[in-house]
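A quick write-up on the structure given underneath.
The values are calculated or read from the model by the stated rules, or taken from the named source; none is laboratory data. Note that the structure is predicted; figures quoted are calculated from it, not measured. Glycine gets a Cβ as well: all are built from the backbone with ideal geometry, and neighbour counts include every protein chain shown. Ligands, DNA and RNA are excluded from the accessible area calculation, which covers all protein heavy atoms including side chains. Shrake-Rupley method; radii C 1.70, N 1.55, O 1.52, S 1.80 Å.
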Amino acid sequence: MKKHLVAPSVLAANFAHLEADFKMVNESEADWFHVDVMDGRFVPNISFGMDIIKTMKGIAEKPLDVHLMIVEPEKYISRFRDAGADVITVHYEACPHLHRTLQQIKETGAKAGVALNPHTPASVLEPIIEDIDLVCVMSVNPGFGGQKFIYHAIPKIKKLRDIIDTHNAPTLIEVDGGVGLQNAEKILQAGANVLVAGSSVFKAENPTKAISRLKEIGGYTFHV
Ligand code: DX5
Ligand code: ZN
């Protein structure tokens, strides 16, 4: 049995002191670093590329969970893997040949994730759920940190939990956007395994404590 995971989202870190922020996460109870890649096409914002991810890999002592908010992600998977991504998540809405793209991710040795925008139903993943290592339920419209949690995400998490359990799949459910102490319990109760938290960690007065409080919640465990 494993306790739920916490993945601080680096998008909310202080880029002038990236090394210090990474050290804080390394020394905290956090499990992963969540890294948002945005291309200005799939989402209306641009963030990190491969070079900065390579730099992050050099200072991270925990896995890099790379969330690709880009069109045609299949073109860049091996380069993100080479840069140091441990989990590579692509968007359902950006992948006409999703199953092939997931196989491509797995062939690099990375874990394969699929993110769902708020309007995309959980049921679209049912036919291939056994081949997905992680489903990222977007609880904001992707593109920016610091947005408000969309509560429609809760029934979607429950639906995914049903699908995963029915198929006895090893898939983790990650929730991304507007996650903090005010809603983490509900999210975990609904069946999530990974909490992504940007602002609620890095903008907190005491980020290390914010992480341990997110870890402390509930007694929500899952089989691995
Ligand atoms: C949104 C990103 C999120 C974001 C979360 O497009 O995918 O990972 O960094 O930030 P907060 O926790 O501030 O909503
Ligand atoms: Zn993200």
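Numbers for the structure displayed
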quantity: Anisotropy class of segment 110-149 from Cα gyration tensor, a/c 1.5 cut; calculated: oblate
quantity: Computed E for Lys158/Val124 - FRET, C-beta separation, R0 22 angstrom, nearest 0.05; calculated: 0.85
quantity: Size of charge dipole - segment 129-224 - debye, nearest 20, with Cβ of Lys, Arg +1 and Asp, Glu -1, no other charges; calculated: 440
quantity: Residues of segment 57-116: accessible area per residue with a 1.4 Å probe, Å²; calculated: 42
quantity: Carbon + sulfur, % of accessible area of the chain - ligands and nucleic acids excluded, 1.4 Å; calculated: 50
quantity: Net charge dipole size for segment 94-135 [Lys, Arg +1 and Asp, Glu -1 on Cβ; Debye, nearest 20]; calculated: 140
quantity: Charge-dipole axis of segment 16-62 as Lys and Arg at +1 and Asp and Glu at -1 on Cβ define it, positive-most pick from Trp32, Ile53, Phe42; calculated: Phe42
quantity: Stretchable slack from Gln182 to Thr221, in nm (0.36 nm times residue separation minus alpha-carbon distance); calculated: 12.1 nm
quantity: Whether the chain is rounded, prolate or oblate, judged on the alpha carbon gyration tensor where a/c under 1.5 counts as rounded; calculated: rounded
quantity: Qualifying chymotrypsin sites (Phe, Trp or Tyr not before Pro) for segment 140-216 [loop in DSSP, other Cβ within 10 Å: at most 14]; calculated: Tyr151
quantity: MRE, 222 nm, helices only [DSSP H, n ≥ 4, -39500 (n - 2.57), over the chain, to nearest 500]; calculated: -9000 deg cm²/dmol
quantity: The chain: relative contact order as a whole-number percent, Cα under 8 Å and 6+ apart; calculated: 23
quantity: Listed peptides 127-140, 97-110 by packing density, highest first (mean Cβ within 10 Å); calculated: 127-140, 97-110
quantity: Calculated FRET efficiency for the pair His97/Ile52, C-beta based, R₀ 25 Å, to 0.05; calculated: 0.35
quantity: Average Cα contact separation per residue, segment 49-111, under 8 Å, 6 or more apart, as relative contact order %; calculated: 36
